[in-house]
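First comes the structure, then the notes that go with it.
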Amino acid sequence: MPVTVCNYVKSAQSGGKFIALRDQADPDSGILVFSDFTRDFQHHDILMRWQKSRGVATPQAAGLAVAGGGWWKLEGDMLVIYGQSAAYGRFEPAWIRERLKPGDFLTETRIDVR
């Protein structure tokens, strides 16, 4: 099942960070929220931007839970997802690999989840 992608990226030149939000009622569903370093440097900032855009006080108020975070960068036409969030821990690579499809984020044609 694909995930919803929220893209707060202004510039993909330098890469950025992302957080994973999993649906508490349906763990197969969720949201990936991407941002770049020109907009949000901390994972917590990304979460706050998402909450504000949705008008919710917490992810739990929307039926979601933070399920880790990490970093992203583009290498040619490949989106590379890696690392972990100091605030929210490591994302589940298999969960993202099974749900994120090429073209969901920017114009990447391949995805490498490390």
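Read-outs: derived from the displayed coordinates by stated rules, not from any lab. Please read these numbers as outputs of a predicted model, since none were measured by experiment. Methodologically, a virtual Cβ is constructed for each residue, glycine included, from the backbone with ideal geometry; neighbour enumeration extends over all protein chains shown.
Taking the stretch 54-104 as the range and being touching a Ser or Thr at 6+ places or on another chain (Cβ under 7 Å) and either assigned to a strand (DSSP E or B) or within 13 Å of F34 (Cα to Cα) (or both) as the test, the residues that pass are G68, G69, G70. For beta carbons closer than 6 Å, sequence separation of 6+ or different chains, a first residue in the stretch 10-26 that is over 16 Å from E108 (Cα atoms) and in contact (Cβ under 8 Å) with a residue 40 or more places away in the chain and a second that is of a type in the set (S, T, N, Q) and outside any strand (DSSP E or B), the qualifying pairs are D23/S29. Considering every residue within the stretch 31-48, establish whether at least one is crowded, with 16+ Cβ neighbours inside 10 Å, among the aliphatic types (A, V, I, L, M) and in contact with a Pro (Cβ under 8 Å, 6 or more places away or on another chain). Among the residues of the stretch 31-48, at least one is crowded, with 16+ Cβ neighbours inside 10 Å, among the aliphatic types (A, V, I, L, M) and in contact with a Pro (Cβ under 8 Å, 6 or more places away or on another chain), which makes the answer yes.
Looking across the stretch 15-53, the residues that are of a type outside the set (S, T, N, Q) and part of a helix (DSSP H, G or I) come down to H43, H44, D45, I46, L47, M48, R49, W50, K52.
Taken over the stretch 52-78, residues that are closer than 16 Å to V3 by Cβ and over 12 Å from the mean Cα position of the chain (by Cα) amount to 6.
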